[in-house]
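Here the structure comes first, spelled out in structure tokens, and everything after it is commentary.
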Amino acid sequence: MKQLLLSTLILLGITANAQQSGKIIYDEVTQMEINFPEGMELPEGFEMPTENVANKILLFKGDESIYKTIPQEPVVNEVKSEGFHLEIKNDIPEDEYYKNLNKGNKVEKRDFLDRTFLMKGDLKAFQWKIAPEQKKVLNYTVQKATTTLDTMEVIAWFAPQIPVKNGPDKFGQLPGMILEVEIPDLQRVITAKEITLGEMNEEIIAPSKGKKVSDEEFEQIRAEKLAEMRAQFGGKGGVFIQTIEN
């Protein structure tokens, strides 16, 4: 009996350790609404894109993780006709978000308008409220939790079967890996599409290249540049498309 109990405990220990590392591929889908200046008509048959899709991967091992963009070819929607040329290019920035759960810090690399910025600081402390609702994501039963981010509601679905307090981007601190995030105000959903648990060959290295700024400085730079672009294009009969990242 003692030998059987010991074997069971060893097996449980191996299973738990295997779930402390792995990789998860997510799709970030943001709905888009493109408004054209009054009086501007598109050629018949041209369909506007309605969503922006970014493929991301989360690599995690112990207390460290990195969430980054999987390089993908830009999607270009283009139409040309007599006296008319419209091109909408979906070019996904190669952002990275490194976390150290034990130290409670993060390093974030953000690409914005051909410039790279690097932000270091403490992990955001989320005040989650766990709800009774459950559903399935892939083969995992996930439970609902809610919090706020800059006054916006965030809905997370976490899997207690993967006992890691982590998740995509800045999200985490729940009793299980977050496999889905909904941010209704941004019309964005982040969903796990593939999960591989166990040892991995990829290294987890915090990003180090980019202009060092604080989170607040980056937000100010981004807001100023977007305001300039709205004034330049929006006021001249052009089309300005903005996808907000948070």
### Summary
Scanning segment 99-120 residue by residue, the ones that are in contact with a helix residue (DSSP H, G or I) (Cβ under 7 Å, 6 or more places away or on another chain) and surrounded by 12 or more Cβ atoms within 10 Å (Cβ to Cβ) total 4
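Yes/no matrix, rows are residues, columns are (1) among the hydroxyl-bearing types (Ser, Thr, Tyr); (2) more than 14 Å from the chain's Cα centre (by Cα); (3) in a strand (DSSP E or B):
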residue	(1), (2), (3)
ALA131	no, yes, yes
GLN134	no, yes, yes
GLN143	no, yes, yes
VAL154	no, no, yes
PHE158	no, yes, yes
VAL164	no, yes, no
LYS170	no, no, no
LEU179	no, no, yes
GLU182	no, no, yes
### Task
Looking only at segment 121-140, count how many residues are crowded, with 16+ Cβ neighbours inside 10 Å and of a type in the set (Asp, Glu).
0
## Note on the structure
Those residues of segment 173-195 that are in contact (Cβ under 8 Å) with a residue 60 or more places away in the chain and on the phi < 0 side of the Ramachandran plot come to a total of 12
### Summary
Of the residues in segment 184-201, those that are touching a Lys or Arg at 6+ places or on another chain (Cβ under 7 Å) and assigned to a loop (DSSP other than H, G, I, E, B) number 1
### Task
Answer with yes or no whether THR30 is in contact with a Gly (Cβ under 8 Å, 6 or more places away or on another chain), surrounded by 13 or more Cβ atoms within 10 Å (Cβ to Cβ) and modelled with pLDDT under 95.
no
### Query
modelled with pLDDT of 60 or more, closer than 30 Å to ASN102 by Cα and not small (Gly, Ala, Ser) - does that describe any residue in segment 34-56?
yes
### Message
Every residue in segment 127-154 that is aromatic (Phe, Trp, Tyr) and modelled with pLDDT under 95, please.
### Response
none
### Query
Out of GLN143, GLN161, which single residue is among the polar types (S, T, N, Q), farther than 24 Å from ASP95 by Cα and buried (at least 18 other Cβ atoms within 10 Å of the Cβ)?
GLN143
### Message
Kindly evaluate ILE24 against the criterion of being farther than 28 Å from ILE205 by Cβ, modelled with pLDDT of 60 or more and among the β-branched types (Val, Ile, Thr).
### Response
no
### Summary
Counting only residues in segment 192-246 that are in contact with an Asp or Glu (Cβ under 7 Å, 6 or more places away or on another chain) and at pLDDT 85 or above, the one farthest from VAL142 (Cα to Cα) is identified as PRO207
### Task
Return the pairs, sorted by first residue and then second, in which the second residue is assigned to a loop (DSSP other than H, G, I, E, B), the first residue lies in segment 94-120 and is polar (S, T, N, Q), the beta carbons are less than 6 Å apart, and the residues are 6+ apart or on different chains.
ASN100/ASP63; ASN102/ASP63; THR116/GLY210
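The values are calculated or read from the model by the stated rules, or taken from the named source; none is laboratory data. Here the structure is a predicted model, which is why all the values come from computation and not from measurement. Reconstructed Cβ throughout: ideal geometry from the backbone, glycine too, with neighbour counts over all protein chains shown.
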